[in-house]
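*Asks:* One structure coming up, written as structure tokens, with questions to follow.
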Amino acid sequence: SSSISVRFACSGPRPPPAKHTPHFESSAPAAMAREKDVYFAKLAEQAERYDEMASHMEAVGKSSDELSVEERNLLSVAYKNAVGSRRAAWRIITSVEQKEKTKGNEEQAKYAKEYCAKVEAELQKICDTILGVLDGNLIPK
């Protein structure tokens with residue numbers, strides 16, 4: 001069946017475990033890791049998995065080299081979408097909370113507020129992460 005071919009399409013012979021090489025020995029492994037992160041970010045974008053895309057682009061952003069135009073665009077898209085989906089969720093949840101209050105459903109309003117706090121914490125974490133990458137790595141001092 002097609003699910004079997006899909007399952008095996010991603011699996012192949014596993015490469016041997018990578019040996020840890022400090023950055024000063026060679027920049028080739030770092031360049032390969034960067035290339036892989038960029039490729040995974042592109043795959044994640046196509047799959048609309050923006051949190052994973054952001055994670056891969058965070059790694060690229062923390063490398064010592066300046067970002068290419070493509071990398072900068074990928075970083076931007078990743079964080080824009082990761083934040084955007086949570087902003088949309090936040091708007092919906094706060095709207096539900098208000099409706100529940102209006103209807104006098106204090107318990108449900110409390111639950112909505114609690115859930116809203118979870119989304120706000122996720123938003124805060126994402127924003128702190130990208131600001132850290134920008135301040136610590138990408139924006140020259």
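The values are calculated or read from the model by the stated rules, or taken from the named source; none is laboratory data. Keep in mind it's a predicted model, so treat the numbers as computed, not measured. Cβ placement follows ideal geometry from the backbone for every residue including glycine, while neighbour counts extend to all protein chains displayed.
*Asks:* Just give me the residues in the stretch 1-58 being more than 25 Å from residue 135 (Cβ to Cβ), touching a helix residue (DSSP H, G or I) at 6+ places or on another chain (Cβ under 8 Å) and modelled with pLDDT under 85, in sequence order.
*Replies:* 18, 21
*Asks:* Here is a follow-up. Quickly run through the stretch 85-121 and pick out the residues that are assigned to a helix (DSSP H, G or I), of a type in the set (Gly, Ala, Ser) and over 22 Å from residue 50 (Cβ atoms).
*Replies:* Residues satisfying the conditions are 95, 109, 112.
*Asks:* Given the structure, is residue 76 under 21 Å from residue 139 (Cα atoms), surrounded by 12 or more Cβ atoms within 10 Å (Cβ to Cβ) and modelled with pLDDT under 95?
*Replies:* Answer is no for this residue.
Per-residue answers, yes or no, for (1) surrounded by fewer than 17 Cβ atoms within 10 Å (Cβ to Cβ); (2) without any contact (Cβ under 8 Å) to a residue 12 or more places away in the chain; (3) in contact with a helix residue (DSSP H, G or I) (Cβ under 6 Å, 6 or more places away or on another chain):
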residue: 101; (1), (2), (3): yes, yes, yes
residue: 105; (1), (2), (3): yes, yes, no
residue: 126; (1), (2), (3): no, no, yes
residue: 136; (1), (2), (3): yes, no, no
residue: 139; (1), (2), (3): yes, yes, no
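*Asks:* Kindly provide the set of residues from the stretch 64-84 that are under 15 Å from the mean Cα position of the chain (by Cα) and either among the small types (Gly, Ala, Ser) or outside any helix (DSSP H, G or I) (or both), ordered by number.
*Replies:* Those that are under 15 Å from the mean Cα position of the chain (by Cα) and either among the small types (Gly, Ala, Ser) or outside any helix (DSSP H, G or I) (or both): 76, 78, 82, 84.
*Asks:* With among the small types (Gly, Ala, Ser) and farther than 24 Å from residue 122 by Cβ as the only criterion, which of 64, 85, 95 stands out?
*Replies:* Checking each option against the conditions leaves just 64.
*Asks:* Is it true that residue 63 is surrounded by 12 or more Cβ atoms within 10 Å (Cβ to Cβ) and closer than 16 Å to residue 133 by Cβ?
*Replies:* Judged against the criteria, residue 63 is a match.
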